[in-house]
1. Please report the Cα spread of the range 3-86 along all three principal axes, rounded to whole Å, starting with the longest.
2. Taking a cut-off of 17 Å between Cα atoms, list the lysines near Lys25, but don't count ones fewer than 8 places away on the same chain.
3. Which order do Glu51, Glu134, Glu19 take when ranked by solvent-accessible area (1.4 Å probe, heavy atoms of all protein chains), largest first?
4. What translational diffusion coefficient, to the nearest whole µm²/s, does the range 89-130 have by Stokes-Einstein, given a Kirkwood radius computed over alpha-carbon pairs, a temperature of 4 °C and 1.567 mPa s viscosity?
5. Suppose R0 equals 30 Å. What FRET efficiency, 1/(1 + (r/R0)^6) with r the Cβ-Cβ distance, do Ala55 and Ala28 give to the nearest 0.05?
6. Can you give the helix-only mean residue ellipticity at 222 nm for the chain, where every DSSP H stretch with n ≥ 4 adds -39500 (n - 2.57) and the sum goes over all residues, rounded to the nearest 500 deg cm²/dmol?
7. Computed from these coordinates, which is Kirkwood radius over Cα pairs in Å: (1) 14.9; (2) 15.3; (3) 18.7?
8. Please identify the DSSP H helices in the chain that span no less than 30 Å along the helix axis (Cα) and have a mean Kyte-Doolittle hydropathy of -1.0 or more.
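The values are calculated or read from the model by the stated rules, or taken from the named source; none is laboratory data. Please read all numbers here as calculations on a predicted model, not as lab measurements. Counting neighbours? That spans all protein chains shown, and the Cβs are built from the backbone with ideal geometry, glycine included. Side chains included, ligands, DNA and RNA excluded: accessible areas come from the protein's heavy atoms. Shrake-Rupley method; radii C 1.70, N 1.55, O 1.52, S 1.80 Å.
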Amino acid sequence: MTKVLFVCLGNICRSPAAEGVLRAKVKARGLSIAVDSAGTGGWHAGDPPDERMRAAALNRGYDLSAQRARQVSPDDFETFHYILAMDASNLANLKDIAPPGHGAVLRKFLGKDDVPDPYYGGDDGFDHVLDLMEAAVDELLAEISG
């Protein structure tokens, strides 16, 4: 079974959204892919996703209410096949903690582009992030299935 981990800074906006979108699409297609998310920082550990992201996701049919933030750990590099960072800073942090010789595919989720952090912006930023997630998840599923 392929295992995918999405990583952002605090694990309360971008990575939970990506997790929710991928979970929903995996379920709808009857696929067998494990999905999780984490943050490079641990200050939100145990917290649910940001209420604005939960609301924006729920408007599209993605229920993030059961998710709880956690911090990424070195063990994740042995557990997950894909570890996908939301931006260049997240990717640099992941590279710093990655154990030598790990087997995970480690890269930015959107390839060369960053997923913008909607935390300090308006509600439209959460919708924009979800737009990006939906398109990128479809591409990821094609890659995994390919």
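1. Answer, in whole Å and largest first: 33, 29, 19 Å.
2. Filter leaves Lys3.
3. Sorted by accessible area, descending: Glu51, Glu134, Glu19.
4. 105
5. Computed FRET efficiency for Ala55 and Ala28: 0.90.
6. -13500 deg cm²/dmol
7. Entry (1).
8. The answer, listed by residue number, is 123-145.
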